[in-house]
Amino acid sequence: MSNQQAHVGSADAQEQAMNSQVNLFLFDLKNEATEHGFKDGESWNLELVTETEMIDLKRHHYPIISVRLLPHALLKVYQQVKSKLQQSLTPAEASLTAGDLANTEKRHLAAYPARSNRK
């Protein structure tokens, strides 16, 4: 196998892993929505957050669905999940790079119900 073929295989494996991560995250969102009685039209807020922000979200929102990934994977999963949930990216979100996430220490994709706040 040539180096070029090895890179293609590796890229395919990474793409497959990323798609699996997106599908698993969406599966978890669907299950939580069913379990917590989401009604038609209710949605999830999606955020890219730091460790500290994650702790704060857990204090104020329930349920929280999250995944911790490296910046390059985190950005791609975030964009794909937003797309599959039919949520458009803001201009700021569309211009994000993996470097931006690394520099701001964003490590988690967090989802929480748009309607639900903890008291």
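Figure legend. Inter-residue proximity from segment 102-114: first residues without any contact (Cβ under 8 Å) to a residue 60 or more places away in the chain and crowded, with 20+ Cβ neighbours inside 10 Å, second residues among the hydroxyl-bearing types (S, T, Y) and part of a loop (DSSP other than H, G, I, E, B), beta-carbon distance below 8 Å, spacing 6+ or different chains. Indicated pairs: K106/T50; R107/T50. Taking residues in segment 72-84 that are in contact (Cβ under 8 Å) with a residue 60 or more places away in the chain and farther than 13 Å from H108 by Cα, and partners anywhere that are surrounded by fewer than 21 Cβ atoms within 10 Å (Cβ to Cβ) and among the aliphatic types (A, V, I, L, M), the pairs with Cβ atoms closer than 8 Å and at least 6 places apart or on different chains are Q80/M18; Q80/V22; K84/V22; K84/L26.
In segment 90-119, what residues are of a type in the set (A, V, I, L, M, F, W, C) and closer than 12 Å to N45 by Cα?
Our first condition is that a residue be of a type in the set (A, V, I, L, M, F, W, C); within segment 90-119, this holds for 92, 94, 96, 98, 101-102, 109-111, 114.
Within segment 90-119, L109, A110, A111, A114 meet the criteria.
Is there a residue being among the charged types (D, E, K, R), surrounded by fewer than 16 Cβ atoms within 10 Å (Cβ to Cβ) and not in a loop (DSSP other than H, G, I, E, B) anywhere in segment 69-83?
Initial filter on segment 69-83 (among the charged types (D, E, K, R)): 76, 82.
If we keep only those that are surrounded by fewer than 16 Cβ atoms within 10 Å (Cβ to Cβ) as well, we get none.
No: segment 69-83 contains no residue that is among the charged types (D, E, K, R), surrounded by fewer than 16 Cβ atoms within 10 Å (Cβ to Cβ) and not in a loop (DSSP other than H, G, I, E, B).
FYI, it's all coordinate maths here, none of it is from the lab. This structure is a prediction, so every number in the text was calculated from the model and none was measured. Reconstructed Cβ throughout: ideal geometry from the backbone, glycine too, with neighbour counts over all protein chains shown.
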